[in-house]
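J.: One structure, pasted below without further comment.
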Amino acid sequence: MENLRTTTSADIKNVPVVNLYISDFQGYAYKNGDNINVSGPALDMFYYPRNKSKFFFSSLMYHEMTHVFQWHGNFTAPGGLTEGIADYVMVKSNIYEKEKYTKFGSGSRWDEGYGVTERFLEYCDSLRKGFTAELNKKMRYKYSDHYFVELLGKPVDQLWRQYKAKYGKSKFLQQTQLVLCFQGELLMETHILSQIVRMFLEMIVRNLR
Ligand SMILES: [Zn+2]
């Protein structure tokens, strides 16, 4: 658990045995207690190309093994946050599908889970080195949204808005600007744009805002 910096024995959850079961069930993989369950049919269906199967399986194991060792505030932490941290360890370990992974600025809630929360945690890390590791450490006995204030000086909702403004919105504005340029070009170059077309373009621009 190098990525969560639980390197001293006092910080590490005492887990003597982890069982890994590959069996026939619907879904992908899950953890119950110290058992990791992986769906055999899912392995068969999703792990293509075959020469990358080991890579995909390792990626999944990073995620599931994090669930075994991470803190979750005695199950009071939002499920999406624990999923985000499990993905965080996977991403930081560099064994994940980079091209297909969630992009920065995606999602509508900070605790949506998986890639959405993972990218947000990376953003929080950029504001304070080691943030995610410290957050995990705080979650040993209980969870509170206030940990974000303690570590970063701002409530989590405000941080999420900042994050969205940094990544999500700029992409959105780029789209709007493209349409505006298109409209400007037509207006300047043709001079014969009918009222109806102009209204139509204005409507598109308005809907994009
Ligand atoms: Zn998970």
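The values are calculated or read from the model by the stated rules, or taken from the named source; none is laboratory data. Here the structure is a predicted model, which is why all the values come from computation and not from measurement. Every residue, glycine as well, gets a Cβ built from its backbone with ideal geometry; the counts of neighbours run over all protein chains shown.
J.: Which pairs have Cβ atoms under 7 Å, sit 6 or more apart or on different chains, and link a residue in the stretch 51-67 that is in contact (Cβ under 8 Å) with a residue 40 or more places away in the chain to one that is within 15 Å of the ligand (Cβ to nearest atom) and not small (G, A, S)?
T.: Here the result reads T66/I85; T66/V89, each pair linking the stretch 51-67 to a residue that is within 15 Å of the ligand (Cβ to nearest atom) and not small (G, A, S).
J.: Is there a residue being assigned to a helix (DSSP H, G or I) and without any contact (Cβ under 8 Å) to a residue 60 or more places away in the chain anywhere in the stretch 26-34?
T.: No: the stretch 26-34 contains no residue that is assigned to a helix (DSSP H, G or I) and without any contact (Cβ under 8 Å) to a residue 60 or more places away in the chain.
J.: Right, next: Yes or no: K142 closer than 19 Å to S59 by Cα, more than 13 Å from the ligand (Cβ to nearest atom) and part of a loop (DSSP other than H, G, I, E, B)?
T.: Spelling it out, it is not the case that K142 is closer than 19 Å to S59 by Cα, more than 13 Å from the ligand (Cβ to nearest atom) and part of a loop (DSSP other than H, G, I, E, B).
J.: For the stretch 124-154, which residues satisfy the criterion of being hydroxyl-bearing (S, T, Y), exposed (fewer than 13 other Cβ atoms within 10 Å of the Cβ) and either touching a residue at least 60 places away in the same chain (Cβ under 8 Å) or touching a Pro at 6+ places or on another chain (Cβ under 9 Å) (or both)?
T.: Y141
J.: Give me a count of the residues in the stretch 86-113 that are under 22 Å from Y143 (Cβ atoms) and either touching a His at 6+ places or on another chain (Cβ under 9 Å) or outside the structural domain of E64 (by TED's automatic domain parsing) (or both).
T.: Residues meeting the conditions: 4.
J.: Something else: Filter the stretch 129-176 down to residues that are at pLDDT 95 or above and hydroxyl-bearing (S, T, Y), then give me how many there are.
T.: Total meeting the criteria: 6.
J.: For G84, work out the one condition from (1) within 16 Å of T117 (Cβ to Cβ); (2) touching a helix residue (DSSP H, G or I) at 6+ places or on another chain (Cβ under 7 Å); (3) part of a loop (DSSP other than H, G, I, E, B) it doesn't fulfil.
T.: It fails just one condition, (3).
J.: In the stretch 23-48, what residues are away from the ligand (no atom under 13 Å from the Cβ) and under 18 Å from Y101 (Cβ atoms)?
T.: Passing the criteria: F46, Y47, Y48.
J.: Could you look through the stretch 51-90, keep only residues that are of a type in the set (D, E, K, R) and surrounded by 18 or more Cβ atoms within 10 Å (Cβ to Cβ), and pick out the one that is nearest to the ligand (Cβ to nearest atom)?
T.: Here the answer is E83.
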